[in-house]
Amino acid sequence: MPSSPLLEGWMPTAFGALDIAGEPGFAAEAEILLVPAQPGPALCLVSHGAHLWRRLVEEGPLPAAAFDDADLDVLAQWRTLGIVAFGADHPARMRRLSRPVLSSPLHELVYAVTMNVAAGLGIRTVFIKGPALRSQGLREREHSADVDVWCDPARTGELAEALAEWGWRRSPDPWSGTPVPHSTTMSPTSWGCEIDVHRRVPGLTLDDASAFEAVSASCVTTEYAGTLVRIPTADVHAVLAAVNAVRPAIGGRGRPAEATAAAVRMLTAADGSLDRARELGAVSALRDELTEAFGAESTAGSAILVPRDWQWRGRPDTAHAYLAALRSLPISDRPRVILRLLWPDDEVALASARRAGDPTDDPGRARLRRLLRGLREWGRGRRDRLPASPTPLTERTPR
């Protein structure tokens, strides 16, 4: 027998929605927090509006005859906002309304928006670090300042551009458009938190595409704001988080003991992490930590390779780090990048000034001061590497 046609009617749509009734930090009347299924800010529904949207979640799709004229007017307005649709089904239809699982409901919505934007473009994603580490028993801290999403390295620019339509903008970076940055930072313009769109995790020795495929093949799902997102399995996640914990910082002086301790805790908390470290090319970055966690035999015979990005990250200052990173680029690309580094555009120059504590709002002045800071760093770095002057030997005058 032919299947019966799907019922057409009104249904709720969103790129993430949460039941926040009674949640701390929100007004007493706030009930539903959601992001429309089209670019726009997060919205909060209260009183009758919240009741109407809940009804659509629980009973939709509902025919027009199920509503009075006043509610039909509301639904027509909501349709223009992207929080309801009329039809048999919709890709962004919300079928249930969940309570927040993260301490920050807005942060949770950012996960859902990022996932839905990527899925709409067919971009594969894996969400790394963040609160998933706590749910997997790999760290105690739950909240993170941003959302880290690792996607197909060939499509990071595409995802960043798509997120710009939803209220995020690229943070200024003189290396933008080159393979030097491991991620693109997207800063919120109205609501939410930063999103780091990763092309790789620094510290692995696999190439970007191979590393992503290896991690993507070992994932589980979790739900944020009614949206299923993929995260690495605990053993893979432990390796990625451990590598992140011990990665060098420009100007750093060796590996902090607390970083090693944190990495060892995560590696020993997840069964299979040693095998995953070998498969992901993380042994070189975690040699000391793996040895401490699993014994000297765990790293015996492993080739000693330079982890990706660590050669320039380990430099004593930004100027020398930039020079090392520049050498990793094809010779034909270097003149263009050198010009951008020495005389960047307005946004990069002003962002550099803010990081340095310079209050100027003049791009030209910011460029000059940035150049002077770089020259001073370069000079200090050269002096620090000079051998100490030998202490002259003097003969003690005999008495």
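Throughout, read-outs are computed from the coordinates displayed, never taken from laboratory work. Computed from a predicted structure; not experimentally measured. No Cβ is skipped: glycine too gets one built from the backbone with ideal geometry, and neighbour counts run over all protein chains shown.
Remark: the range 168-180, residue by residue, has Karplus-estimated 3J(HN,Hα) of 10, 10, 4, 6, x, 8, x, 8, 4, x, 10, x, 5 Hz, where x stands for each Gly or Pro and the curve is 6.51 cos²θ - 1.76 cosθ + 1.60 at θ = phi - 60°.
About its Cα centre, the chain has a charge dipole of approximately 2520 debye under the convention of +1 per Lys or Arg Cβ and -1 per Asp or Glu Cβ, with nothing else charged. Ordered by the count of other Cβ atoms within 10 Å of each Cβ, fewest first, Tyr111, Tyr322, Tyr224 give Tyr322, Tyr111, Tyr224. Here Ile250, Ile20 are placed in order of increasing Cβ neighbour count within 10 Å, fewest first, which gives Ile250, Ile20. Per the Debye formula on identical point scatterers at the alpha carbon atoms of the range 9-87, with no solvent, log10 I(q)/I(0) at q = 0.18, 0.23 Å⁻¹ is -0.70, -1.09. Dipole of the range 9-87 computed with +1 at Lys/Arg Cβ and -1 at Asp/Glu Cβ about the Cα centre; of Pro61, Pro24, Pro41, farthest Cα towards the positive end is Pro41. The trypsin sites (Lys or Arg not before Pro) found in the range 273-367 that occupy coil by DSSP, while having at most 14 further C-beta atoms within 10 Å, are Arg327.
Between the beta carbons of Trp191 and Asp69, assuming R0 = 35 Å, the FRET efficiency works out to 0.60 to the nearest 0.05.
The length gained by stretching the chain between Ala257 and Gln77 to full extension, at 0.36 nm per residue less their Cα-Cα distance, is 59.1 nm. Taking the Cβ-Cβ separation of Ala296 and Leu342 as r and a Förster radius of 41 Å, what is the calculated FRET efficiency to the nearest 0.05? With a Förster radius of 41 Å, E is 0.30. For percent of Cα pairs over 39 Å apart, the value computed from the atomic coordinates appears in the list (i) 25; (ii) 33; (iii) 36 under label (ii).
The C-alpha atoms of the range 299-350 occupy a region whose extents along the principal axes are 50, 25, 16 Å, arranged from largest to smallest. Separation of the range 60-95 and the range 244-259, taken as the distance between their Cα centroids, equals 53 angstrom. When each of Trp78, Trp310, Trp10 is scored by the number of other beta-carbon atoms lying within 10 Å, the sequence from fewest to most is Trp310, Trp78, Trp10.
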